[in-house]
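The values are calculated or read from the model by the stated rules, or taken from the named source; none is laboratory data. Given the structure is predicted, the values throughout are model-derived calculations rather than measurements. In this analysis, Cβ positions are derived from the backbone assuming ideal geometry, glycine residues included, and neighbour counts consider all displayed protein chains.
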Ligand code: NAP
Ligand code: ZN
């Protein structure tokens, strides 16, 4: 089946309208009419070939929400009309230790929602900047938010789970002091979620203008990271720092803010490497520098249900498909509060 999409034909080219094919739903597949799709910074990294291995044409998008259009004969968990989401994962090996632990995100055979091998044409997966998607039921998430919030739920499928998973893994809750570095798509969700989990939250930003907004998102304190005095006031005090920054920067400036046994986990994935941290900043206080990648399917459902229960959605700016290229430029300037979401109805052409 042919559907309209938005994608790029090469790394240096802007995104433009194109048509792609979707497979007919198999016995375990769910066919989804996509209503909205968030714009993640990872989309920009990949469609511009900043990370290695982008296949073209590339149709990005892994913060997908919509309604079930049809289901295969063996699908029992979903029915046409259900509100559902697809995040960053559309397949995995289903039998390794990671899959059995519900951590499909760490399966060596994980198939991402776009730019991963598939038997479907053209040979790699194509994402949510499109009218429809067909996905195995195991990777389909149920949305329990009210329908009016659907567009603002989309970013939970990547920005939400990528921040929720490390916050849970490192046991964030009451009595814990948590830093969130970078107030963008991921960071603003990290602030909301850490606050909802009961932690004392400190937001770190390079933008003085985001100070007030960070408090409204749920931060207890805000630090402008370019200000050495403000940074020094938090020395040796954090249990966890969640670093979402999309560009190389000085990690030592944050490592020294961790208390003994504290952890900084990187979720930001810049195109070029950070300078190595000073090893003394790790060994002196037995600190850990870690990483974390999205989250498994069960945990993504847990996060969506947690957000529905606590009334949490992303702060979004809804855009038309023909505004995607402009949205990328604005995202690079930090000019978005805090996630662009595409209205996929504008793909109808
Ligand atoms: P985003 O909306 O662009 O936010 C990134 C934020 O980082 C910016 O808003 C800015 O915050 C800060 N920042 C940007 N450039 C900076 C610089 N040179 N120095 C210091 N701070 C800077 O991006 P996003 O969608 O949240 O994604 C963030 C990163 O996470 C990307 O690299 C993305 O690929 C990656 N990611 C990883 C995973 C994973 O599984 N680990 C999943 C999704 C995305 P302030 O203005 O507040 O300073
Ligand atoms: Zn993403």
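Observations on the structure shown:
- In region 33-52, of all residues being more than 10 Å from ligand 2 (Cβ to nearest atom) and part of a strand (DSSP E or B), the one that is farthest from the chain's Cα centre (by Cα) corresponds to 33.
- Some residue of region 244-264 being within 16 Å of ligand 2 (Cβ to nearest atom), within 24 Å of residue 101 (Cβ to Cβ) and crowded, with 22+ Cβ neighbours inside 10 Å: no
The rows are residues; the columns are (1) at pLDDT 95 or above; (2) touching a helix residue (DSSP H, G or I) at 6+ places or on another chain (Cβ under 6 Å).
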site: 243; (1), (2): yes, no
site: 266; (1), (2): yes, no
site: 273; (1), (2): no, no
site: 280; (1), (2): yes, no
site: 288; (1), (2): yes, no
site: 310; (1), (2): yes, yes
site: 328; (1), (2): yes, yes
site: 331; (1), (2): yes, no
site: 343; (1), (2): yes, no
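- Residue 182 fulfils the conditions (1) surrounded by fewer than 24 Cβ atoms within 10 Å (Cβ to Cβ); (2) within 16 Å of ligand 1 (Cβ to nearest atom) except for a single criterion, (1).
- If you go through region 195-214 and keep only what is farther than 14 Å from residue 182 by Cα and not in a loop (DSSP other than H, G, I, E, B), you end up with 195, 196, 200, 212.
- Within region 215-245, being assigned to a helix (DSSP H, G or I) and free of Cβ contacts under 8 Å to residues at least 40 places away in the same chain holds for 215, 216, 228, 229, 230, 231, 232.
- Test: residue in region 56-73 that is away from ligand 2 (no atom under 16 Å from the Cβ), modelled with pLDDT of 95 or more and exposed (fewer than 15 other Cβ atoms within 10 Å of the Cβ): yes
- Strands (runs of 3 or more DSSP E) enclosed by region 78-169 - at least 3 residues per element that are under 19 Å from residue 22 (Cα atoms) and more than 16 Å from ligand 1 (Cβ to nearest atom): 132-136
- Of the numbered criteria (1) within 15 Å of ligand 2 (Cβ to nearest atom); (2) part of a strand (DSSP E or B), the one residue 19 fails is (1).
- Residue in region 194-215 that is within 16 Å of ligand 2 (Cβ to nearest atom) and surrounded by 24 or more Cβ atoms within 10 Å (Cβ to Cβ) present: no
- Within region 5-16, the set of residues being away from ligand 1 (no atom under 16 Å from the Cβ) and either free of Cβ contacts under 8 Å to residues at least 24 places away in the same chain or assigned to a loop (DSSP other than H, G, I, E, B) (or both) comprises 9, 10, 12, 13, 14, 15, 16.
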